[in-house]
Structures are given as structure tokens and as C-alpha cells.
Amino acid sequence: MNFFYIYVLKSLKGKKVTYVGYTKNLKNRLKLHNEGKAAKFTRGRKWKLIYKEKYRSKKKAMSREYHIKKNRKLRISIIRKFS
């Protein structure tokens with residue numbers, strides 16, 4: 001069974017920023033973000049995984065990712081609780 005993950009990353013240096021995404025392979029995706037080979041927004045920064053959730057369907061993972069990205073209060077509470 002393949003799983004999908006939503007995740008929240010926090011930058012390690014400079015201005016603290018976060019990034020929310022989804023993937024099938026969390027370990028590889030974090031590696032790509034830190035190598036500057038993933039999303040354009042994440043290039044040039046080093047990232048730390050601060051939160052993740054696991055889903056059986058891509059649709060549910062994408063829906064949750066969208067919800068976290070658009071809900072500023074939820075995102076801030078995740079950052080405060082897990083970083």
C-alpha cells in the first residue's frame with residue numbers, strides 16, 4: 001500500500017519561513033528541498049521537517065495540504081506546537 005504525506009517544513013537560517021507540501025516519499029522529498037531541486041520557493045534555504053500526516057489517498061492528502069496552506073491560524077498553531 002502506497003501512502004501520501006502532507007508535511008510542514010521550517011527554514012533553519014535567516015527569516016523563519018514555512019512550506020507546506022505533499023509527497024509519496026517524505027525522506028526523498030526533504031532531501032530534494034535541501035538540495036534546491038524541489039519547489040522553487042524552497043530553493044536556497046535549508047529545511048527541517050516539523051510536522052507530517054499520513055493518508056491512503058492522494059486526494060485526501062492534497063485536500064489537507066490545501067487546507068493547511070489556506071488556514072493561517074492552523075499553520076501557526078502547528079508551527080508553535082511542533083517546532
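Per-structure values
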{"read-out": "Hits in region 11-38 - residues which are at pLDDT below 95 and touching a helix residue (DSSP H, G or I) at 6+ places or on another chain (Cβ under 7 Å)", "value": "Thr18, Ala38"}
{"read-out": "Yes/no for Tyr19 being surrounded by 13 or more Cβ atoms within 10 Å (Cβ to Cβ) and out of contact with any Leu (no Cβ under 9 Å at 6 or more places or on another chain)", "value": "no"}
{"read-out": "Matching residues, region 19-36, being of a type in the set (S, T, N, Q) and either in contact with a Gly (Cβ under 8 Å, 6 or more places away or on another chain) or more than 22 Å from Arg72 (Cα to Cα) (or both)", "value": "Asn25, Asn28, Asn34"}
{"read-out": "Selection within region 39-83 - part of a strand (DSSP E or B) and of a type outside the set (D, E, K, R)", "value": "Trp47, Leu49, Ile50, Tyr51, Tyr55"}
{"read-out": "Odd one out for Phe41 among (1) closer than 11 Å to Tyr19 by Cβ; (2) buried (at least 16 other Cβ atoms within 10 Å of the Cβ)", "value": "(2)"}
{"read-out": "Selected residue [touching an Asp or Glu at 6+ places or on another chain (Cβ under 8 Å), of a type in the set (A, V, I, L, M, F, W, C) and surrounded by 16 or more Cβ atoms within 10 Å (Cβ to Cβ)] from Ile6, Ile78", "value": "Ile6"}
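The values are calculated or read from the model by the stated rules, or taken from the named source; none is laboratory data. Nothing here was measured: the structure is a model prediction, and the numbers come from that model. With ideal geometry, Cβ positions are generated from the backbone for all residues, glycine too; neighbour counts draw on all protein chains shown.
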